[in-house]
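First the structure, in the form of structure tokens, and then the observations on it.
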Amino acid sequence: MKMIKIVLVILIRIIKMINKNKKKKKKRLPKNFDPNVKPDPYRWIPLKDRPGYNKKKVKKGQKLGKGGAQGKVSDKEMAKLDYKVSAEQAAAKLAKEQKAEEERKAKLAEEKQKKYKQQNEEIDYSSS
């Protein structure tokens, strides 16, 4: 019995020493915390499920391609994508490019002729 009492006393002292060394943490509260005010009861409910939540409303026509059926295009966009209009524009662009290319080739040909004439004239001067 004496042994059991001694062991129990030793265990109690050890437990008291351990508890003495533990420091209690200070409770950290927000700067604007007021203990008299109750916290928001909807705090843990998702925002979209709360009664006071209002979604941002988007005006119609503000974003093109949003809200309609997939593949829907507005009239302005359709005019840009219109096959006939785009084909005519492509043809006009191609004609301009071809004309510019022909002018460039003609200019190069003229420069070659001038160089050739200058070389022939130099040869003629040297031969006479």
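If you count only protein heavy atoms and use a 1.4 Å probe, how large is the accessible surface of L47, to the nearest 10 Å²?
Its accessible surface works out to 100 Å², give or take rounding.
On the full set of protein chains, 1.4 Å probe, figure out the accessible area of D49 and give it in Å² to the nearest 10.
Rounded to the nearest 10, the figure is 100 Å².
The values are calculated or read from the model by the stated rules, or taken from the named source; none is laboratory data. Treat the numbers as computed from the prediction; the structure is a model and nothing was measured. In case anyone asks, the SASA skips ligands and DNA or RNA and just uses the protein heavy atoms, side chains included. Shrake-Rupley method; radii C 1.70, N 1.55, O 1.52, S 1.80 Å.
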